[in-house]
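The values are calculated or read from the model by the stated rules, or taken from the named source; none is laboratory data. This is a predicted model, so every value here is computed, not measured. We place every Cβ from the backbone using ideal geometry, glycine too, and count neighbours over all the protein chains shown. Heads up: the accessible areas ignore ligands, DNA and RNA and are worked out on the full protein's heavy atoms, side chains in. Shrake-Rupley method; radii C 1.70, N 1.55, O 1.52, S 1.80 Å.
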Amino acid sequence: MKKYVDVIVPLPIASQYTYSLPTDLEDSVREGCRVVVSFGRKKFYTAIVTKVHYAAPEGYETKDIEEVLDASPVILPRQLQFWEWISSYYLCTLGDVYKAAMPSGMKLESETMVEYNEEFEATEPLGEREQRVLDLLSADHEQCVTQLEKASGMKHLLPVIKSLLDKEAIFVKEELKRNYKPRTEARVRLADKDMDEEKLRTLFDGLTRAKKQLALLMMYVELSGWMENGAFLKEVSKKRLLEKSDASLNVFNGLVEKGIFEVYYQEIGRLDKTTLATQEVNALNEPQLRAFNGIMNSFTQKSVCLLHGVTSSGKTEIYIHLIQQALKAGKQVLYLLPEIALTAQITERLKRVFGSRMGVYHSKFPDAERVEIWQKQLSDAPYDIILGVRSSVFLPFQRLGLVIVDEEHENTYKQQDPAPRYHARSSAIMLAQMYGAKVLLGTATPSVESYFNAVEGKYALVELKERFKDIRLPHIEVVDIKELAHQKRMKGPFSPRLVEEIKAALERKEQVILFQNRRGFAPMIECHTCGWVPKCKNCDVSLTYHKGLNQLTCHYCGYTYQVPRSCPACEGVELNHRGFGTERIEDDIKLIFPEARVARMDLDTTRTRAAYERIINDFEEGKTDILIGTQMVSKGLDFDHVSVVGILNADTMLNYPDFRSYERAFQLMAQVAGRAGRKNKQGLVILQTKSPELPVIHQVVENDFEQMYYDQLAERQLFRYPPYHRLIYVYLKHRKEATLDLAADIMATQLRAALGDRVLGPDKPPVARIQTLFIKKIMIKVEQEASMKKVRDYLKSVQHYMLEDERFRSLNVYYDVDPQ
């Protein structure tokens, strides 16, 4: 009997496809393996096998699969189950989930661009087909698989490409777009490998006249522990050696030229092959121990526990103890963080305790490395702990026992575009349920939904009210900038009180953080004469001025424009900057404090992993006095010498058209405030606002989370918002506005036929055109008791009905379930 396989292709297609198995491949295919299939007109894709069976499909002729890529599965059965849940809950296709879940190098297709690795040296003879492909690539370094098939006259090249990728003879082009360079550090060692005391004494004698070189060599001997350790030397970085010895680069180079020192480069970060000497876990203090025991007890009755601990209460220490318990029980741990910025600091802390048992996974890593981690998680010796951002939920786990979602309130856990628009917190809870694992949600400012679930008894709740070592919460001082602006007393975006406190902090050699939730130099440019504002030609949004690049940028589609010299509407030449972005604040603060060392941390300055880490390390080491940032600076980073935090304009957060804006503003301000005053002194937060009378401002000052929570609950119950109702946003996009309006009206009418007044809209979202596509939005509010499955099925049937209509063939319809 003929065998068939059902597969998922990495395309946004609703159903799975069935292919037949050629007789010679019948025994080599298993569920969870990758196979090469042809799909559409001569295009090849890497598909995932979900089922092997004998049932021929009805209604179409099956094609044979072309090739099997794996001897053993690369997707575990529970992962497939998880993919199916995400696809069903978030109303997207399995192909969407597959695309998001797997690293690019594992889902090759005809259009994949590959690039020749010039540094490749073969360690064994290459096969004839492999050599042919490499010869073609050495002539033209970048080609897509289809081009290579044409040029070589060979078919079915994907297995050959996979084999060359494994040998690192070629790269997938996608990873090279990220301009990733491994972070290396220059380190120093003695050039003579057989150095003994006798030889060292001779070196010292030879340098008696070169006093500075002698001092530098002696400092190296001290730092490397040469006298005590002999063969087991500590590694010494060039930077640390020069800092400790106060020697100049010329003195150092002199020793290199004399053949005494040798410089080598050590990659830091990436998949560490080294086994680190690990430290003992710190003992917990009494409040931490109470919380730890509370969590462990709660796990006997409930699967999810919310740890509500104030900033600086030492939550990370509790996590470390919980991880240790899980590892003792032979389980794996997934530790989720909202931002890549945070992974740098936390990696250091966890590496010190768990050493090489921990792997780090996030999107700033090159693709080859993510493939490596994926493969390791399938092996017999996987990492016991994975530390990563939201995409880590897709990794293969064999014995998951604990998931920690740190800063669980963060909206960066929600994927926006493209599909699947999943929330990592909800997905992690579901994933843990499939493994019978426990989940800990940790935060100083819980999301209203999580706190509601804890209060209602769905989750356990453990509170940690004391800050570590009794560090006092910062003093928050509200400054009314509306009044000061009337009196013309503001220095740009800074109140006199803030300037005075920054000055005092700098004199005390302490650090300052300034928070402004907008990047760029000025949010917009405006003509003084006629009020013209430059807008993006692809999107309905004003352009942001970036001074460093001297250009206007659309933060929605990324398009850039030259700054006009005069107004195209009235030819006036007086173009003013309106509003304050982080870049402009950086310039303004440098004018007021020219001596201060200033750094900026926003999306523009942290494009690479190394840039993130450099900004954080410089601030930690006291090389920066003032750090200006967007919400990145609020994310749980620990800096010991920050005494003043300035929130430059609380109103930009409060005036956002979203039912969560007050909750968000409270969380952001409380988190930013938590960065002030760490060790043994109270910090100061200057909160500038034009609306000091608002309840949420008072709640931030008093750190009164409960009051904010109950205010929000009352409002949300009244207007049918989460946690009392579930939200689904339906988005429709089309190039023609008239077609879009018609489609949106028809779809809303269809939805109302079954869902009644649960449907609101269609309306235009705040930005109603992005990348030349007009957008309409329909909102659906579903009560918690209602069957979400029925709602989802009905939505899909209406979408199907719409797309069958000739007029709406090029209409794009997608959903955002539980939008953030």
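Below are the figures for this structure:
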| quantity | calculated |
| --- | --- |
| Pair list, Cβ under 7 Å, 6 or more apart: the stretch 759-780 residue within 16 Å of Asp658 (Cα to Cα) and modelled with pLDDT under 95, other residue among the polar types (S, T, N, Q) and surrounded by fewer than 19 Cβ atoms within 10 Å (Cβ to Cβ) | none |
| Test: residue in the stretch 446-469 that is modelled with pLDDT under 95, assigned to a helix (DSSP H, G or I) and open to solvent by 20 Å² or more (accessible area, probe 1.4 Å) | yes |
| Subset of the stretch 689-719 that is polar (S, T, N, Q) and under 29 Å from the mean Cα position of the chain (by Cα) - its residue that is modelled with the lowest pLDDT | Asn703 |
| Residues that are of a type in the set (S, T, N, Q), open to solvent by less than 20 Å² (accessible area, probe 1.4 Å) and in a helix (DSSP H, G or I), drawn from the stretch 280-313 | Gln288, Ser298 |
| Only one of Ala768, Ala753 that is hydrophobic (A, V, I, L, M, F, W, C) and open to solvent by 50 Å² or more (accessible area, probe 1.4 Å) | Ala753 |
| Answer from Arg349, Arg399, Arg357 - the residue that is of a type outside the set (Phe, Trp, Tyr), in contact with an Asp or Glu (Cβ under 6 Å, 6 or more places away or on another chain) and either free of Cβ contacts under 8 Å to residues at least 60 places away in the same chain or within 18 Å of Lys331 (Cα to Cα) (or both) | Arg357 |
| Top-ranked residue of the stretch 1-42 - restricted to ones that are among the basic types (Lys, Arg) and more than 20 Å from Tyr60 (Cβ to Cβ), ranked as farthest from the chain's Cα centre (by Cα) | Arg30 |
| Within the stretch 31-55, tally of residues that are surrounded by 13 or more Cβ atoms within 10 Å (Cβ to Cβ) and either assigned to a loop (DSSP other than H, G, I, E, B) or among the charged types (D, E, K, R) (or both) | 6 |
| Of all residues in the stretch 421-445 being outside any helix (DSSP H, G or I) and polar (S, T, N, Q), the one that is surrounded by the most Cβ atoms within 10 Å (Cβ to Cβ) | Thr445 |
| Residues satisfying the stated conditions in the stretch 362-376, i.e. buried (at least 20 other Cβ atoms within 10 Å of the Cβ) and modelled with pLDDT of 90 or more | Ile373, Trp374 |
| Residue within the stretch 506-526 that is at pLDDT 90 or above, within 18 Å of Arg600 (Cβ to Cβ) and over 31 Å from the mean Cα position of the chain (by Cα) present | yes |
| Residue in the stretch 28-35 that is at pLDDT 95 or above and at positive phi present | yes |
| Residues that are within 14 Å of Met106 (Cα to Cα) and among the charged types (D, E, K, R), drawn from the stretch 29-73 | Arg34, Asp70 |
| Unmet requirement for Gln81, which otherwise passes all of (1) within 30 Å of Tyr729 (Cα to Cα); (2) open to solvent by less than 70 Å² (accessible area, probe 1.4 Å) | (2) |
| Failed item in (1) touching a Gly at 6+ places or on another chain (Cβ under 9 Å); (2) under 30 Å from Lys535 (Cα atoms), with Ala610 passing the rest | (2) |
| Filtered residues of the stretch 125-135 (kept if open to solvent by 30 Å² or more (accessible area, probe 1.4 Å), part of a helix (DSSP H, G or I) and farther than 10 Å from Leu157 by Cβ) | Glu128, Gln131, Asp135 |
| Tally of residues being open to solvent by less than 10 Å² (accessible area, probe 1.4 Å) and assigned to a strand (DSSP E or B) across the stretch 384-401 | 5 |
| Contacts under 6 angstrom Cβ, first residue in the stretch 687-713 being over 16 Å from Lys465 (Cβ atoms) and assigned to a helix (DSSP H, G or I), partner of a type outside the set (Lys, Arg) and open to solvent by 60 Å² or more (accessible area, probe 1.4 Å), 6 or more apart | Val696/Tyr662; Gln699/Gln707 |
| Scan of the stretch 288-315 for residues that are closer than 17 Å to Lys438 by Cα and of a type in the set (Gly, Ala, Ser), ordered by number | Ala291, Gly294, Ser298, Ser303 |
| Only one of Asp367, Asp417, Asp380 that is under 28 Å from Gly95 (Cα atoms) and free of Cβ contacts under 8 Å to residues at least 24 places away in the same chain | Asp417 |
| Scope the stretch 115-124; condition of a type outside the set (S, T, N, Q) and open to solvent by 100 Å² or more (accessible area, probe 1.4 Å); matching residues | Glu118, Glu119, Glu121, Glu124 |
| Residue within the stretch 168-175 that is open to solvent by less than 40 Å² (accessible area, probe 1.4 Å), in a helix (DSSP H, G or I) and modelled with pLDDT under 85 present | yes |
| Some residue of the stretch 777-785 being within 29 Å of the chain's Cα centre (by Cα), β-branched (Val, Ile, Thr) and under 30 Å from Thr553 (Cα atoms) | yes |
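Yes/no matrix, rows are residues, columns are (1) of a type outside the set (A, V, I, L, M); (2) crowded, with 21+ Cβ neighbours inside 10 Å:
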{"position": "Asn617", "(1), (2)": "yes, no"}
{"position": "Ile626", "(1), (2)": "no, yes"}
{"position": "Gly629", "(1), (2)": "yes, yes"}
{"position": "Phe639", "(1), (2)": "yes, no"}
{"position": "Val644", "(1), (2)": "no, yes"}
{"position": "Leu648", "(1), (2)": "no, yes"}
{"position": "Thr652", "(1), (2)": "yes, no"}
{"position": "Pro657", "(1), (2)": "yes, no"}
{"position": "Ser661", "(1), (2)": "yes, no"}
